[in-house]
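The values are calculated or read from the model by the stated rules, or taken from the named source; none is laboratory data. All values derive from a computational prediction rather than experimental measurement. Cβ atoms come from the backbone with ideal geometry, glycine included; neighbour counts cover every protein chain shown. All accessible areas refer to the heavy atoms of the entire protein, side chains included, with ligands and DNA or RNA removed. Shrake-Rupley method; radii C 1.70, N 1.55, O 1.52, S 1.80 Å.
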Amino acid sequence: MSSLTTIHETEGLEEYLGEIEQRLLGAVSCHPGLAGGKRLRPLLVFLAAPSGREPPYVAGVSVELVHMATLVHDDLIDRAGYRRGRASAWARFGPDAARAAGDYLFARAFGELAATGDGRAVSTLASACLSLARGEALQRAQTHDPETSVESYLERCALKTGKLFEAACLLGAGATREDARELADFGLALGIAFQIADDILDCTGETIDPGKIAGTDLREGTPTLPLLLAARDDEVVHRALAGGSLDGALVRVAATGALDRSRRVALEYAERARACLNGEVHSDELEAMTYAVVERRT
């Protein structure tokens, strides 16, 4: 049985994600076309929730709205023309409309959560959003810098991806980091593994999404793990990442073995995530997610 099959056979999950979809469509009714994606973060919310309680619909919707907002803003900052095979918000409607759409999604996320009266949950999501902003600033500072350290790259992964995964776990559990430290650590490590795997896919082009074009990170000068490792061994990749000619650079990334080395690091973080599991209700499904995020092709 595959990792994804194990996860999607979880009792109540199909109904939960169906309700999340309807609520998301309602939340973005003013901006149709924004509600696509894999719903990985709401899935984490569901799997982290204790048994015997109402499914955490509001938490799932809120964390996904934040994720959607970051995608809209990221596309605007990066001037990305496509998102999930469709014209991005900024490309279709212009930068001002895209900025407003992203702000709207952030506002809806906190509006949904604030309506529950759970100040602790609002604080958890706000902390994750602060980390997202810090991670974006760090990425801007690292752009076209092939001397970026692996440690600094991993810090960026934690801030831009891991912290929202962490928040999803905590919101699902209805707990603070102090109350659910191991579950929080699971989400953080899983998010880093996910981001490394995503950065590998960018170099290989192994995706069924026509909106994704291989080598986007290299063209934009974003120092990801495979690019940094390859730049250490190959001067062509080093120059390309620094803003020089891109000719032949992406092929040479694979030739250095950087993709395999990066995948080993992703697997190490997936293993760290598994080590954090401590008898949670959906431990089998959470464990399966650690394999799925590294095995994925999209």
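One line per residue, one yes/no per condition, for (1) over 21 Å from A141 (Cα atoms); (2) not aliphatic (A, V, I, L, M):
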site	(1), (2)
L201	yes, no
A230	no, no
D234	yes, yes
A258	yes, no
A266	yes, no
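Could we say that I20 is at pLDDT 85 or above, β-branched (V, I, T) and either crowded, with 16+ Cβ neighbours inside 10 Å or in a helix (DSSP H, G or I) (or both) here?
Values: at pLDDT 85 or above: yes; β-branched (V, I, T): yes; either crowded, with 16+ Cβ neighbours inside 10 Å or in a helix (DSSP H, G or I) (or both): yes.
Yes, satisfied.
Of all the residues that make up the stretch 146-182, how many are surrounded by fewer than 17 Cβ atoms within 10 Å (Cβ to Cβ), modelled with pLDDT of 95 or more and not in a helix (DSSP H, G or I)?
Looking only at that region, the number is 2.
Just to be sure I understand, how many residues within the stretch 221-234 are assigned to a helix (DSSP H, G or I) and either touching a strand residue (DSSP E or B) at 6+ places or on another chain (Cβ under 8 Å) or crowded, with 17+ Cβ neighbours inside 10 Å (or both)? Break it down into steps so the answer makes sense when it comes.
Here is the first cut: in the stretch 221-234, the ones assigned to a helix (DSSP H, G or I) are 225-233.
With the extra rule that they be either touching a strand residue (DSSP E or B) at 6+ places or on another chain (Cβ under 8 Å) or crowded, with 17+ Cβ neighbours inside 10 Å (or both), the set shrinks to 225-231.
Summing the residues that are assigned to a helix (DSSP H, G or I) and either touching a strand residue (DSSP E or B) at 6+ places or on another chain (Cβ under 8 Å) or crowded, with 17+ Cβ neighbours inside 10 Å (or both) in the stretch 221-234 gives 7.
Restricting to the stretch 235-252, name every residue that is assigned to a helix (DSSP H, G or I) and among the hydrophobic types (A, V, I, L, M, F, W, C). Walk me through it before giving the result.
To start, the set of residues in the stretch 235-252 that are assigned to a helix (DSSP H, G or I) comprises 235-241, 249-252.
The answer is V236, V237, A240, L241, A249, L250, V251.
Consider only pairs whose beta carbons are under 8 Å apart and that are at least six residues apart or on different chains; among these, list those whose first residue lies in the stretch 11-22 and is farther than 18 Å from S51 by Cα and whose second residue is open to solvent by less than 40 Å² (accessible area, probe 1.4 Å).
Filtered contacts from the stretch 11-22: I20/R39; I20/P42; I20/G60; I20/V61; I20/E64; E21/A35; E21/R39.
Would you pick out the residues in the stretch 270-283 that are surrounded by 15 or more Cβ atoms within 10 Å (Cβ to Cβ), of a type outside the set (A, V, I, L, M) and in a helix (DSSP H, G or I)?
Listed by number, the residues that qualify are R272, R274, C276.
So, A107, is that one open to solvent by 30 Å² or more (accessible area, probe 1.4 Å), at pLDDT below 60 and out of contact with any Cys (no Cβ under 6 Å at 6 or more places or on another chain) or not? Working first, answer last.
Details: open to solvent by 30 Å² or more (accessible area, probe 1.4 Å): yes; at pLDDT below 60: no; out of contact with any Cys (no Cβ under 6 Å at 6 or more places or on another chain): yes.
Judged against the criteria, A107 is not a match.
Just to be sure, is S131 closer than 30 Å to G244 by Cα, hydroxyl-bearing (S, T, Y) and in contact (Cβ under 8 Å) with a residue 12 or more places away in the chain? Walk me through how you get there before you give the answer.
Working: closer than 30 Å to G244 by Cα: no; hydroxyl-bearing (S, T, Y): yes; in contact (Cβ under 8 Å) with a residue 12 or more places away in the chain: yes.
It is false that S131 is closer than 30 Å to G244 by Cα, hydroxyl-bearing (S, T, Y) and in contact (Cβ under 8 Å) with a residue 12 or more places away in the chain.
So is V253 of a type in the set (V, I, T) and within 30 Å of E285 (Cα to Cα) or not?
Numbers: of a type in the set (V, I, T): yes; within 30 Å of E285 (Cα to Cα): no.
No: the conditions fail for V253.
Within the stretch 77-104, can you find the residues that are open to solvent by less than 40 Å² (accessible area, probe 1.4 Å), in contact with a helix residue (DSSP H, G or I) (Cβ under 8 Å, 6 or more places away or on another chain) and either over 27 Å from E220 (Cα atoms) or at pLDDT below 65 (or both)? Working first, answer last.
Within the stretch 77-104, the subset open to solvent by less than 40 Å² (accessible area, probe 1.4 Å) is 80-81, 85, 88-89, 94, 98, 101-102.
Remaining after also requiring in contact with a helix residue (DSSP H, G or I) (Cβ under 8 Å, 6 or more places away or on another chain): 80-81, 88-89, 98, 101-102.
Matches in the stretch 77-104: A80, G81, S88, A89.
Listed here are the residues, each with its yes/no results for (1) at pLDDT 95 or above; (2) open to solvent by 40 Å² or more (accessible area, probe 1.4 Å); (3) part of a helix (DSSP H, G or I).
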| position | (1), (2), (3) |
| --- | --- |
| A254 | no, yes, yes |
| E268 | yes, yes, yes |
| E285 | no, no, yes |
| V293 | no, no, yes |
